[in-house]
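Just so it is clear, none of the values below were taken in a lab; they were calculated from the coordinates. The structure displayed is predicted, hence computed values, not measured ones. Cβ sites come from the backbone with ideal geometry, for glycine too, and all protein chains shown count toward neighbours.
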Amino acid sequence: MSRTYKGSFTPKNLSKYKGNPDKITYRSSWERDVMVYLDESPKVSKWNSEEFVVRYYYEVDKKYHRYYVDFWVNWTNGQTTIIEVKPKKQAMPPKVKNPKTKSGLNEAFTYIKNRNKWDAAEKVAKDNGYRFVIWTEDELEKMGIKKKQPGKLKKLTPMKPYRKKKKK
């Protein structure tokens, strides 16, 4: 996976951005790529980033929290979608060998929190006539938003030194 980073985004099509265009922040290269896509796509009527808030109940701490959905998009066909951009690994239940380790517990709690957020977002979307979707690297590659990463390189082994054979 590519390195994660954060930055500000300035849309070229200000009229398409529904919200404060001075406060658009991406938290990954994938989010930045989605922002470019939404800003330039003729299929998008309006969009915003982290301005659509969903209240959700986190089962672990038994409290309500606010979830700022990555993207709210109104398409030119009239449909509205709320989109979360996540690596596929974080959208799947964790495959932890030892759930009692610190990293195992962290993965489990992160997944529970994400599921709680997404269940609440799905309900809010349904109640408002929207769709809620999670875009992983697979969807981003299919849509042409993210370039497909080449496979892993095999470990190279040194070649035997070349020696000219002596003529007899």
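Between the amide H of S45 and those of N74, W75, T76, distances stay under 5 Å, these residues lying 5 or more places away or on another chain, with hydrogens modeled in the peptide plane.
Across the options T76, Y56, P11, the greatest Cα extent toward the positive end of the charge dipole of region 7-142 (unit charges at beta carbon of Lys, Arg, Asp, Glu) belongs to Y56. Counting only alpha carbon atoms, the long axis of helix 29-40 and the longest principal axis of the chain meet at about 60°.
You can think of it this way: the chain between M92 and T10 has 26.3 nm of extra reach, that is 0.36 nm per residue less the Cα-Cα gap. Listed by chain and number, the lysines whose alpha-carbon sits under 19 Å from that of K23, ignoring those within fewer than 8 places in the same chain, are K6, K12, K46. Compared with the dominant principal axis of the Cα atoms in the chain, helix 102-128 is inclined by about 40°. Subtracting the Cα-Cα distance of V53 and K102 from their residue separation scaled by 0.36 nm leaves 14.6 nm.
Taking one quarter of the surface of the convex hull spanned by the alpha-carbon atoms of region 30-161 gives a direction-averaged projected area of 12.3 nm².
Taking max minus min of the alpha-carbon positions on each principal axis, region 1-94 gives extents of 41, 30, 25 Å, largest first. Residues whose amide H falls under 5 Å from that of I24, counting only those 5 or more places apart or on a different chain, are F9, with hydrogens built in the peptide plane. Which one, L105, V124, P161, projects farthest toward the positive side of the charge dipole computed for the chain from Cβ point charges (K/R +1, D/E -1)? The one lying farthest along the dipole's positive direction is P161. The calculated FRET efficiency for the pair R115 and Q79, based on their C-beta separation and a Förster distance of 22 Å, comes to about 0.35. Here's the picture: a label point sits 7 Å out from the Cα of Y64 along the beta-carbon direction, and within region 80-120 the residues with their amide nitrogen under 16 Å of it are 117, 120.
Under a model in which nothing but the beta-carbon of Lys, Arg (+1) and Asp, Glu (-1) is charged, region 39-168 shows a dipole of about 2300 debye around its Cα centre.
Grab the beta carbon distance between S29 and K126, set R0 = 22 Å, and tell me the FRET efficiency rounded to 0.05. Efficiency, rounded to the nearest 0.05: 0.10.
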